[in-house]
Amino acid sequence: MTIILTSILFAAGLGVLLAVIIGAAAKAFAVESDPRIETVTDMLPGANCGGCGYAGCADFAKAIVEGRADPSLCPVAPPESAGRIAEYLGITTQEKEKVIAVVRCAGDCAATVRSPYNGVGDCRSAALVAGGGKGCDYGCIGFASCARACPFDAIEMRDGLAVVHPELCVGCGKCVETCPKNLIILAPAAVDVHVYCNSPEKGALKRKVCKTACIACRKCVKAADSEEQMTIKGFLVETNYSSPPLPDLVEKAACPTTALRLATKHAAGAYEGVSK
Amino acid sequence: MASNVLTITIGAILVNNFVLSKFLGICPFLGVSKKLSTALGMSGAVIFVMTLASLVTSLIYKYILSQTFVVNGTTINLTFLTILVFIVVIAALVQLVEIILQKFSPPLYQALGIFLPLITTNCAVLGAAALNVQAGRGVIESTVFGTCSAIGFALALVLFSSLREKLDLAKVPAPLQGTAIGLITAGILAMVFMGFSGLV
């Protein structure tokens, strides 16, 4: 009986003693932090994508509260959210235009393969071996490095071609860094018309390896409301994002190679691939 | 004494490696070995906590648990409470260390991060304390054993995470992908460490 009582008392005493020590230590060594940091963290999306340039949402919140960062830097949150944070902290914020990623290539697998590649399944590795297996040296390699980097699953691999879903993309720019071909750009989300080709080679050469290459035929430049809306750079036409064309241009221009596409319809699979 | 410490050192790091021959601390061994950087963070935290835990638990064992008291004419020895007391003390110790680190060394606190509270329930830490009692080691020897066991754990973790980083790039047959190939690798690594048996 004495043994049972003593051991119970000893264990209970030990528990109470340790609890008191920890409680006292927590009080004595309490670290004071700005309570606003936690509130701002709650107001951020919590995606921890790093698109703002800080190590996660909590770090970004700290930078906002300390005045080192602007709330609108967050690519994920809608502009109203940045406004709410600014209002809470009593600071001003700039309006920021929403951007989305565009993979400037429409050449999917079958028709464009030049040689088989059996190495590590990563675009950056494949690019080191004669620029990848596809016929076009400037197009999507198709090993999904960008899709794996995307924290929001906004990039789908379709027949070896990376396709961005505009409604899922938040424009954090993680994919831009991963592409060894520099194919991905961040374009204003309000613009839907893009040229899905990145090859600076001559039209005839491009067409030999890819049926959806831009051959700079200028049909879209002529069909546009003003010639400024599409700019020609060598053998490649680009959307002028500072004075963009309206979505109906794609229909009006009737691009013979379907390199000129609407991002939304491209993601929905409305255009035929090269292999079809 | 010196030769005894040397035996403990080599024995704990290589021959009786905690992970690969005693099979203690398998959870963090598989859990935080996907990346070398997190493995290093975990290793640092384990070395820190195991040294401290071995020291404190051996002191408690020597001066409280192994002593006999006379209460109401009955002789009482509290050795049977060893495991229970060690669990509570280690958990409390880790909490305390965390609180103090956060105050006085924020960089170290940041570096150890989530690993420190995770170690609270790591069986390797309790294992080191219990093995010290079993082997009847003194306070200094216990502390050395704790540190060296943790270094052995760190060695296994760093080796394994380096292997896993390489494995990520290798073509693994579909049924073996992920944890399966990880466990096979761990098994082969454990067999490699069997080569050290008989050294001490």
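The values are calculated or read from the model by the stated rules, or taken from the named source; none is laboratory data. Fair warning: this is a prediction, and the values are worked out from it, not measured in the lab. Here the Cβ positions follow ideal geometry from the backbone for every residue, glycine too, while neighbour counts run over all protein chains shown.
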(message) Which numbered condition in (1) crowded, with 16+ Cβ neighbours inside 10 Å; (2) touching a Ser or Thr at 6+ places or on another chain (Cβ under 9 Å); (3) in a loop (DSSP other than H, G, I, E, B) is the only one that A:Val237 fails?
(response) (3)
(request) Can you tell me which residue among B:Phe160, B:Phe196 is crowded, with 17+ Cβ neighbours inside 10 Å and farther than 24 Å from B:Ala45 by Cα? (result) B:Phe196
(message) Residues that are modelled with pLDDT of 85 or more and crowded, with 19+ Cβ neighbours inside 10 Å: list the helices (runs of 4 or more DSSP H) wholly contained in the stretch A:95-166 that include at least 2 such residues.
(response) A:123-128, A:145-149
(request) Taking B:Ser33 as the residue in question, decide whether it is in a loop (DSSP other than H, G, I, E, B), surrounded by 14 or more Cβ atoms within 10 Å (Cβ to Cβ) and away from every other protein chain (no Cβ under 14 Å). (result) yes
(request) Just name the residue that is surrounded by the most Cβ atoms within 10 Å (Cβ to Cβ) out of those in the stretch B:75-132 that are under 19 Å from B:Phe153 (Cβ atoms) and among the aromatic types (Phe, Trp, Tyr). (result) B:Phe86
(message) Could you go through the stretch A:64-74 and let me know if any residue there is among the aliphatic types (A, V, I, L, M), outside the structural domain of A:Cys175 (by TED's automatic domain parsing), more than 26 Å from A:Ala267 (Cα to Cα) and crowded, with 19+ Cβ neighbours inside 10 Å.
(response) yes
(message) Going through B:Phe145, B:Phe193, B:Phe153, B:Phe160 one at a time, which residue ends up being more than 14 Å from chain A (Cβ to nearest Cβ), over 22 Å from B:Lys34 (Cβ atoms) and among the aromatic types (Phe, Trp, Tyr)?
(response) B:Phe145
(message) Going residue by residue through the stretch A:35-58, is there one that turns out to be of a type in the set (Val, Ile, Thr) and surrounded by fewer than 12 Cβ atoms within 10 Å (Cβ to Cβ)?
(response) no
(message) Go through (1) on the phi < 0 side of the Ramachandran plot; (2) assigned to a loop (DSSP other than H, G, I, E, B); (3) of a type in the set (A, V, I, L, M, F, W, C) for A:Ile232 and report which single condition fails.
(response) (2)
(request) Name every residue in the stretch A:215-229 that is out of contact with any Phe, Trp or Tyr (no Cβ under 8 Å at 6 or more places or on another chain), part of a loop (DSSP other than H, G, I, E, B) and buried (at least 18 other Cβ atoms within 10 Å of the Cβ), in order of residue number. (result) A:Ala224
(message) Restricting to the stretch B:147-175, name every residue that is under 20 Å from B:Met194 (Cβ atoms) and without any contact (Cβ under 8 Å) to a residue 60 or more places away in the chain.
(response) B:Leu159, B:Leu163
(request) Go through A:Arg124, A:Arg158 for me and flag whichever is among the basic types (Lys, Arg), within 23 Å of B:Lys171 (Cα to Cα) and within 14 Å of chain B (Cβ to nearest Cβ). (result) A:Arg124
